[in-house]
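Notes follow the structure.
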Amino acid sequence: QVQLVESGGGLVQPGGSLRLSCAASGSIFSILAMGWYRQVPGKQRESVGTITRAGSTNYADPVKGRFTISRDNAKNTVYLQMNSLKPEDTAVYYCNAGVIATTSVGYLEVWGQGTLVTVSS
């Protein structure tokens, strides 16, 4: 009913930048909070940061000052701008959204399929 599709992952050198996008589509009435998470194989998925519909953001300590989350409500899209990337930022990055659907389902928590970010020289 509602899908999230991430894009923008890839290989980048340490100190470089990358911008991820996540577009929502489907039976959407409204999207509430959106967020980015990341996961390294063998480890738990961890929060990178979140953004409310009004644009208030919150970041995990490891990325504060380097990563920026923004959103375009008209496009149902959230972005993750990653600067000063480090090898330890290597992970699969997932976006997440709390969606009020137009169907009788009501509220849904939706995840994207993930996009791989590799920081290496």
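A few remarks follow.
- Segment 17-106: trypsin sites (Lys or Arg not before Pro) falling in loop per DSSP and having at most 13 other Cβ within 10 Å: LYS43, ARG53, LYS64
- Rounded percent of accessible protein surface that carbon and sulfur make up, segment 33-89, 1.4 Å probe: 46 percent
- 1.4 Å probe accessible area per residue over the chain, in Å²: 51 Å²
- Top of GLY42, GLY26, GLY55 by mean-square fluctuation, Gaussian network on the chain, Cα under 10 Å: GLY42
- Highest-fluctuation residue, ALA91, ALA24, ALA54 considered, GNM on the chain with Cα pairs under 10 Å: ALA54
- Using a Gaussian network model of the chain in which every pair of alpha carbons under 10 angstrom is joined by a spring, one finds that among THR102, THR52, THR90 the greatest mean-square fluctuation is at THR102.
- Amide H partners (placed H, <5 Å) of GLY49, local residues excluded: TRP36, ALA60
- Nearest-10 value in Å² for the accessible area of TYR59, using the 1.4 Å probe: 50 Å²
- Under the Karplus curve 6.51 cos²θ - 1.76 cosθ + 1.60, θ = phi - 60°, whole-Hz ³J(HN,Hα) for segment 87-100, x wherever Gly or Pro sits: x, 6, 7, 4, 4, 8, 9, 10, 9, 9, 8, x, 10, 8
The values are calculated or read from the model by the stated rules, or taken from the named source; none is laboratory data. As the structure is a prediction and not an experimental result, all values here were calculated from the model. So basically every Cβ, Gly included, is an ideal-geometry build from the backbone, and we count neighbours across all protein chains shown. These accessible areas exclude ligands, DNA and RNA; they are computed on the full protein's heavy atoms, side chains included. Shrake-Rupley method; radii C 1.70, N 1.55, O 1.52, S 1.80 Å.
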